[in-house]
Amino acid sequence: MKISIVVPAYNEEKYIRPCVESLVSQDFVDYELIISLNACTDNTEGVVLDVAKKHNFSNLKIVKENRKGVSYARQSGAKIAQGDIIVSCDADTVYPKNWLSQISKYFEENNAVLFYGSVRMNGGPFYLRFLARYIYTLFLHISRLFGKDNVTGMNFAYRKDFFEKAGGYDLNLKSAEDIYLGQKLKKYGKVVFDPKIFVYTSPRRFQKGFFKFLWFHIKNYWNVFILKKQPSDFVDIR
């Protein structure tokens, strides 16, 4: 089983190095890393190439997507993926060394169509780290109990063949593209959530204010799962 990792990157030169360092150091054997440069105007590509050279990592692909938007970036990366399983990441997130090995078991042993895990905060104040580790994970459990899998874009994976059957990402979305894809894929088979498989993401979205961030996601959750409407767009932070 081959795995393709797709990382969308819009002007991520300040954040992407630790992410790529963690991804090229996985203990899984057969995988490729795809960086989808999304209308970048900085040195993101140079940072990625430097890390790959440093680690002598040859299974790197770079795709340039000039249409700005995370859905375009994820879709462009998925289109060139050669793996049976496509794994979704975020450029400001760090991944444990055995992350791919753990994920692969759910597709090999449980015949999953979609897998997603939990998130922890890489730095930031104590209350943010507490909320991410315990309260957000509890929220994911509760949402799943009601049949509403709240897929996290920086920590999920899916079978490529079913991704293609489902029509891929909704390119009209600039946020919640991960949740929408999860809703489409669950029609084809088993969805697995394991909070023990977690990743460490940056607290940068909270720079605009904790309650502003929280309100944005409450509105999006209500629009997506209750009103069946499109989510709001993210505001650029870089």
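Coordinate-derived values only; no laboratory data. Quantities reported herein were computed from a predicted structural model and do not represent experimental measurements. Positions of Cβ are backbone-derived with ideal geometry, glycine not excepted, and every protein chain shown enters the neighbour counts.
Before moving on, here are some points about what is shown:
- Simple spin-label estimate for Phe162 and Asn59 in nanometres, 7 Å along Cα-Cβ: 2.2 nm
- Net charge dipole size for the stretch 25-161 [Lys, Arg +1 and Asp, Glu -1 on Cβ; Debye, nearest 20]: 340 debye
- Applying a threshold of 27 Å to the alpha-carbon distances of Lys105/Lys184; Lys2/Lys97; Lys53/Lys186; Lys14/Lys64; Lys54/Lys97 flags Lys53/Lys186 as lying beyond it.
- √(5λ) per eigenvalue of the Cα gyration tensor, the chain, largest first, Å: 24, 21, 18
- Lys, Arg +1 and Asp, Glu -1 on Cβ, resulting dipole of the chain about Cα centre, debye, nearest 20: 720 debye
- Distant alpha-carbon pairs in the stretch 17-71 (separation over 18 angstrom), percent: 33 percent
- Cα-based equivalent ellipsoid of the stretch 53-163: semi-axis lengths in Å, sorted from largest, via gyration tensor: 25, 19, 16
- The local environment of Leu140, defined by Cβ-Cβ distances under 13 Å, has a net charge of +2 under the rule Lys, Arg +1 and Asp, Glu -1.
- Added length on full extension, which subtracts the Cα-Cα distance from 0.36 nm per residue, Lys196 to Asp42: 51.9 nm
- Applying 1/(1 + (r/R0)^6) with R0 = 25 Å to the Cβ-Cβ distance of Lys105 and Lys187 gives a FRET efficiency near 0.60.
- Each DSSP beta bridge with both residues in the stretch 3-205 is either parallel or antiparallel, and the antiparallel ones are about 25%.
- Under 16 Å from the Glu21 label point (7 Å along Cα→beta-carbon), backbone N, the stretch 46-60: 47-57
- Among 80-90, 47-57, 123-133, the peptide with the highest mean count of other Cβ atoms within 10 Å heads the list, and the full ranking is 80-90, 47-57, 123-133.
- Between the residues Ser175, Val20, Gln82, the greatest Cα displacement towards the positive end of the dipole of the stretch 3-205, with unit charges on the Cβ of Lys, Arg, Asp and Glu, is found for Ser175.
- Taking all Cα pairs closer than 8 Å and separated by 6 or more residues, the relative contact order of the chain comes to 22 percent.
- Of the residues Ile197, Cys40, Val63, the one whose Cα sits farthest towards the positive end of the charge dipole of the chain is Ile197 (charges of +1 on Lys and Arg Cβ, -1 on Asp and Glu Cβ, taken about the Cα centre).
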